1. Please list, ordered by first then second residue, the pairs with beta carbon atoms under 8 Å, 6 or more apart or interchain, first in the range 90-105 and closer than 13 Å to GLY46 by Cα, second open to solvent by 60 Å² or more (accessible area, probe 1.4 Å) and in a loop (DSSP other than H, G, I, E, B).
2. Anything in the range 125-137 that is more than 14 Å from ASN95 (Cβ to Cβ) and open to solvent by 50 Å² or more (accessible area, probe 1.4 Å)? List them, or say none.
3. Criterion first (in a helix (DSSP H, G or I) and either open to solvent by 10 Å² or more (accessible area, probe 1.4 Å) or touching a residue at least 40 places away in the same chain (Cβ under 8 Å) (or both)) does GLU159 satisfy it?
4. Which one of these is under 19 Å from THR140 (Cα atoms) and surrounded by fewer than 20 Cβ atoms within 10 Å (Cβ to Cβ): HIS93, HIS52?
5. Provide a single number: the residues in the range 22-72 that are in contact (Cβ under 8 Å) with a residue 60 or more places away in the chain, over 25 Å from ASP133 (Cβ atoms) and either of a type in the set (Val, Ile, Thr) or in a loop (DSSP other than H, G, I, E, B) (or both).
6. Exactly one condition in (1) within 16 Å of the ligand (Cβ to nearest atom); (2) out of contact with any strand residue (DSSP E or B) (no Cβ under 8 Å at 6 or more places or on another chain); (3) open to solvent by 80 Å² or more (accessible area, probe 1.4 Å) is not met by GLU68; state its number.
7. Right, VAL111: in contact with a strand residue (DSSP E or B) (Cβ under 7 Å, 6 or more places away or on another chain) and among the hydrophobic types (A, V, I, L, M, F, W, C) or not?
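The values are calculated or read from the model by the stated rules, or taken from the named source; none is laboratory data. Because the structure is a prediction, the values reported are computed rather than measured. Note: ideal-geometry Cβ built from the backbone for every residue, glycine included; neighbour counts use all protein chains shown. In case anyone asks, the SASA skips ligands and DNA or RNA and just uses the protein heavy atoms, side chains included. Shrake-Rupley method; radii C 1.70, N 1.55, O 1.52, S 1.80 Å.
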Amino acid sequence: MALRDDDAVLFVCLGNICRSPLAEAAFRSVIGEYGIAPQIDSAGTGSWHVGHPPDPRAQAVARRNGIEIGHYRARRIGPEDFARFRHIVVMDHANLDTVRQARPSGARAAVSLLLDHVPGRVGEAVADPYFGDDEGFDLTWRDVHDGAHALARRLAVGEI
Ligand code: 4NP
């Protein structure tokens with residue numbers, strides 16, 4: 001197996017109540033298929049929802065896909081995360097800019113967009129579903145599901 005012990009993965013969005021908890025959940029659910037067992041967490045760049053469970057619509061779409069995330073709690077990304085995680089995987093470009101600016105020079109963490117790992121979707125964002133409807137959350141789930149499989153495959157084969 002190509003995985004190194006230090007291949008920890010942190011998923012990041014704005015609030016840590018919609019996209020990144022869903023990415024975390026999707027990734028946790030697929031890593032076994034790829035024979036990898038990295039440390040996994042998620043965080044937001046904003047602090048409005050710190051300590052809150054995922055948005056009820058995010059909990060619902062996870063449940064529709066067989067995963068319970070009601071026990072997750074939002075937190076904000078901090079400087080220590082750039083040392084703790086080898087991969088910081090971000091949902092959209094605004095948060096990518098924020099994370100890149102916060103990244104200490106020489107930090108071990110590699111920063112990417114989730115959909116950068118999906119063939120044919122390099123540079124695409126996972127759209128923010130917060131101000132939309134339930135259909136938006138189904139689209140979010142499809143994106144994070146595809147991203148989770150692609151990321152797990154790349155880690156498993158040692159491509160990243
Ligand atoms: P997330 O969605 O970044 O996917 O967790 C959002 C959650 C909260 C807000 C915006 C986006 N907000 O403005 O409070």
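1. ALA94/LEU14; ASN95/LEU14; ALA102/PRO79
2. PHE131, ASP133, ASP134, GLU135
3. Values: in a helix (DSSP H, G or I): no; either open to solvent by 10 Å² or more (accessible area, probe 1.4 Å) or touching a residue at least 40 places away in the same chain (Cβ under 8 Å) (or both): yes.
Against the criterion (in a helix (DSSP H, G or I) and either open to solvent by 10 Å² or more (accessible area, probe 1.4 Å) or touching a residue at least 40 places away in the same chain (Cβ under 8 Å) (or both)), GLU159 does not qualify.
4. Only one candidate qualifies: HIS93.
5. Counting residues in the range 22-72 that are in contact (Cβ under 8 Å) with a residue 60 or more places away in the chain, over 25 Å from ASP133 (Cβ atoms) and either of a type in the set (Val, Ile, Thr) or in a loop (DSSP other than H, G, I, E, B) (or both) gives 5.
6. Checking GLU68 against (1) within 16 Å of the ligand (Cβ to nearest atom); (2) out of contact with any strand residue (DSSP E or B) (no Cβ under 8 Å at 6 or more places or on another chain); (3) open to solvent by 80 Å² or more (accessible area, probe 1.4 Å), the one that fails is (1).
7. yes
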